[in-house]
Amino acid sequence: MVRTLDLNLVTEPSVLETVLKSNLEKDDIYRFMWQVVGNGSVFAPVSVWKHRRKMILPLFNQKILSTFFSIFLQNSETLCSVLSKFTDAGEFSIWRFINAYSFDATMETTIGVKIDALQNPDNTFLNAVNESQNCVAERIFHVWLHPNFIYKFHPSHERIKKCIKTMNDFVDNAIQNKREQILDKREGHEVKSILDHLISMNEIDHSMDDLELREEVLMLIIAATDTAAVSVGFTLKLLAKYPHVQDKVYEELQGVLGDTKRPLQREDLSKLDHLHRVIQESLRLYPSVPFIARKIEKDTLLHDGSILPAGSGFLASIWGTHRNPKYWGQDAECFDPDRFLPHRNQQSQSRCFLPFSFGPRNCIGYQYAMMSMKTTLATLLRQYKIVGEPESGPKPNIRVKWDIMMKAADGFKVALERR
């Protein structure tokens, strides 16, 4: 007899692989993000996503990504400068600074606009992005707010409408200005943004109108800002808890860069193997998106003979898969960057490491995010020692909260000491 699968908590890689490859429609719970980003490709219906993905994917090749390095570096150095006033000042929440850094770098690479939110923390656009995400999270986790006829009377309904207008107006204006620059051949920027490329491509095939451009640009801004900031935050928390790991990262930086003050170069990033493994282990233990929800559109047969019935929902636990001792060992909940050494856990890495999802709808910005994170962390760790309460054992204890993405409940509190 064929049995159906209990969907309460799915952490088995073979099941995730089958479902994420064959069922591409997002679950209806994501409808609350549609109000913010429309048909932005991350949350769009498959019929829209296919076309948008085809347009966006070529913009994340190495040639284009390499032009963004200088932007990541410049904003990382600004971050270090802003953080200088917190050296030897005790513990503080670093979230708003890494959030502002990530936003600045994302805005410049995505639409070619320099925001300087790091220097101006009350930036209207950044506040609108963050507040809109808070409103969506509030609605998701309070089921009585799900019906539209009830939500329209809730105070957050008016707040999110104002945020959406702020974001839409800003992006629409950026699109118009960029189109005029391109037509007049007065771009004035050596590094082209993603919006530059999208508009240039669109001038040829007219495949996206201004609404579609806005939806994709806004989706990229929101996704890239939070993903990089959250991942940097958890990595800093872990390095503060495990000073010996941080010392190895610093020794690697010294080995690659020496004691000179020369700026980090793009070619240096590929030599920072230990830092890369630290980031991977941080993403494993604390993925920014711990769950993925999909809609099962047709009966889906699994390897063990189980069937996922059409019309059901599916919740993939990235958190659980990353901590599954069957594939990661009995120390699966321990912080060990060396588990990503080439000779260890190759099967786990290929089948069970899903920080940017899996299958046709995986995140196309993996290399973009890694470049941003490595540049930021390398720049920070050259100048500062990250300090916190050392853990007594290999299993880190970081309280987390989940809104749209998973974050540290304490706002990523650390202390800094100048090196």
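Counting Lys and Arg as +1 and Asp and Glu as -1, what is the net charge of the other residues whose Cβ lies under 14 Å from the Cβ of residue 158?
Values: positive: 139, 152, 159, 161, 162, 165; negative: 131, 138.
With Lys, Arg at +1 and Asp, Glu at -1, the net is +4.
Mind listing the phi-derived Karplus ³J(HN,Hα) values for the range 46-60, rounded to whole Hz, using 6.51, -1.76 and 1.60 with θ = phi - 60°, and x for any glycine or proline?
Ordered by residue, 3J(HN,Hα) equals 4, 4, 8, 4, 4, 5, 5, 4, 4, 6, 7, 3, x, 7, 10 Hz.
Sorting 60, 32, 103, 335 on the 10 Å Cβ count, fewest up front, what's the list? Write down the numbers at each step before the final one.
Numbers: 60 15, 32 20, 103 26, 335 23.
Taking fewest neighbouring Cβ atoms as first place, the list is 60, 32, 335, 103.
Where Lys and Arg each count +1 and Asp and Glu each count -1, what net charge lies around residue 231 among other residues with Cβ under 15 Å from its Cβ? Intermediate values should be presented prior to the final figure.
On the way: positive: 237, 277, 284, 374, 407; negative: 226, 281.
Charge balance in the 15 Å sphere: +3.
Ordered by residue, what ³J(HN,Hα) values in Hz, to whole numbers, does the range 408-418 give under the Karplus form 6.51 cos²θ - 1.76 cosθ + 1.60, where θ = phi - 60° and Gly and Pro are x?
6, 5, 8, x, 6, 6, 8, 10, 10, 10, 6
Counting pairs of alpha carbon atoms under 8 Å apart in space and at least six apart in sequence, what relative contact order in percent does the range 241-312 give? Walk me through the numbers before you get to the answer.
Values: 35 pairs, mean separation 13.5, N = 72.
Relative contact order, the range 241-312: 19 percent.
So if R0 is 60 Å, what FRET efficiency would residue 303 and residue 88 give, r being the distance between their Cβ atoms, rounded to the nearest 0.05?
Numbers: r = 56 Å, r/R0 = 0.93.
With a Förster radius of 60 Å, E is 0.60.
In 10 Å bins starting at 0, how do the alpha-carbon pair distances of the range 307-419 split up by percent?
10, 29, 42, 16, 3, 1
Could you grab the relative contact order for the chain? Cα pairs under 8 Å, six or more apart, rounded to a whole percent.
Once normalised by length, the contact order is 29 percent.
Hey, what do the phi angles of the range 278-284 turn into as Karplus ³J(HN,Hα) couplings, whole Hz, using 6.51/-1.76/1.60 and θ = phi - 60°, x for Gly and Pro?
4, 5, 4, 5, 5, 5, 5
Suppose a student asked you for the relative contact order of the range 88-146, using Cα pairs under 8 Å spaced at least 6 residues apart; what percent would you report? Let's see the in-between values first.
Values: 24 pairs, mean separation 12.5, N = 59.
Result for the range 88-146 is 21 percent.
Beyond 31 Å, what share of the Cα-Cα pairs of the chain is found? Please give it as a whole percent. Provide the component values of the computation, followed by the final result.
Working: 35972 of 87571 pairs.
Tail of the P(r) past 31 Å holds 41 percent of the pairs.
Counting other beta carbons within 10 Å of each Cβ, put 194, 364 in order, fewest first. Please report the intermediate quantities before stating the final value.
Values: 194 23, 364 18.
Going from sparsest to densest Cβ surroundings: 364, 194.
Under 19 Å between alpha carbons, and skipping anything fewer than 8 positions from residue 298 in its own chain: which aspartates and glutamates qualify?
By straight Cα distance, residue 298 reaches 6, 17, 25, 27, 28.
In the structure shown, do any of 63/374; 54/407; 21/165; 114/295; 26/271 have a Cα-Cα gap over 28 Å, and if so which? If you can, show how the numbers build up before the last one.
Details: 63/374 18 Å; 54/407 31 Å; 21/165 36 Å; 114/295 39 Å; 26/271 38 Å.
Over 28 Å Cα-Cα: 54/407; 21/165; 114/295; 26/271.
Each value in this text was obtained by applying a stated rule to the coordinates, not by laboratory testing. The structure displayed is predicted, hence computed values, not measured ones. Counting neighbours? That spans all protein chains shown, and the Cβs are built from the backbone with ideal geometry, glycine included.
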